[in-house]
Amino acid sequence: MVSAAFKETQSLFTPVTVYSLLACSAQFVVGYILAHIWGRKCSGTDRWVLVWLFYDAIVHITLEGPFVYMSLVGTVATSDNIFAELWKEYGKADERWLHSDPTIVSLELLTVVLDGILALVLVYAIVKDKHYRHFVQITLCVCELYGGWMTFCPDWLAGSPNLNTDHWLYLWIYLVFFNGVWVVVPGLLLWQSWLSLKRLHPSYQAPKKQK
């Protein structure tokens, strides 16, 4: 029994699996470095927000951007390049990404163009302490949450025919972790914006001392 389970785990971790996970880790490391370069004057909390935003923008532009291109000129399944191999690996968990599913491609178009730009605008707003920081932050977070909901809800309503939840790697790492991050972090940033805007309301301002 142990031997069979071990062999199954070995079959899951192909070289492409390892390269894919390393690529995601490398993207985070780049985001971390950029955040500490550009956010030297920011608070510790905002510096971690910048880490997320740089990582978010990098993923949208360098990973999801090629996916959109491949899906518009053909499909991931019929493409032959390094990005196609990464998406074919993810396609083992969700087949829709292999065959240019219209809903997925439509959402990714929005994600790459709008969310990628908003993430970079928000980086600028935080670094320069702009007044529109939380407006952009709320807009970006709502877009991210909408994208996550519309990615999975249609498939759930159809009985999840395209999702592979038989293996822990596909279920807990590819589907739950990598998609859940784009739910948890935007949710936390929305909460941060809520608290910041609440403090600006006159009812929460400290009363002025009478002379």
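The values are calculated or read from the model by the stated rules, or taken from the named source; none is laboratory data. If you're wondering where the values come from, they're calculated on a predicted model, not measured in any experiment. Note: ideal-geometry Cβ built from the backbone for every residue, glycine included; neighbour counts use all protein chains shown. Just so you know, the surface numbers come from the protein's heavy atoms only, side chains and all, with ligands and any DNA or RNA stripped out. Shrake-Rupley method; radii C 1.70, N 1.55, O 1.52, S 1.80 Å.
With a requirement of 3 or more residues that are within 30 Å of residue 135 (Cα to Cα), the helices (runs of 4 or more DSSP H) lying completely within region 25-124 that satisfy it span 44-58, 65-73, 102-110.
Taking the numbered list (1) open to solvent by 70 Å² or more (accessible area, probe 1.4 Å); (2) more than 18 Å from the chain's Cα centre (by Cα) in turn, residue 163 passes all entries but (1). Screening 151, 103, 75, 139 for residues that are at pLDDT 95 or above, in contact with a His (Cβ under 8 Å, 6 or more places away or on another chain) and among the hydroxyl-bearing types (Ser, Thr, Tyr) leaves exactly one candidate, 75.
Of the residues making up region 166-208, those that are over 28 Å from residue 134 (Cβ atoms) and either in contact with an Asp or Glu (Cβ under 9 Å, 6 or more places away or on another chain) or open to solvent by 40 Å² or more (accessible area, probe 1.4 Å) (or both) are 166, 167, 168, 170, 171, 172, 173, 174, 175, 176. When region 110-124 is filtered for residues that are open to solvent by 10 Å² or more (accessible area, probe 1.4 Å) and either of a type in the set (A, V, I, L, M, F, W, C) or in contact (Cβ under 8 Å) with a residue 60 or more places away in the chain (or both), the ones remaining, listed by number, are 110, 112, 113, 114, 117, 118, 120, 121, 123. Listed conditions (1) of a type in the set (S, T, N, Q); (2) assigned to a helix (DSSP H, G or I); (3) within 26 Å of residue 88 (Cβ to Cβ) are all met by residue 203, apart from (3). If you go through region 65-88 and keep only what is surrounded by fewer than 19 Cβ atoms within 10 Å (Cβ to Cβ) and closer than 25 Å to residue 26 by Cα, you end up with 65, 69, 77, 80, 81, 82, 83, 85, 88. Out of 142, 136, one residue alone is part of a helix (DSSP H, G or I), open to solvent by less than 30 Å² (accessible area, probe 1.4 Å) and farther than 12 Å from residue 93 by Cβ. It is 136.
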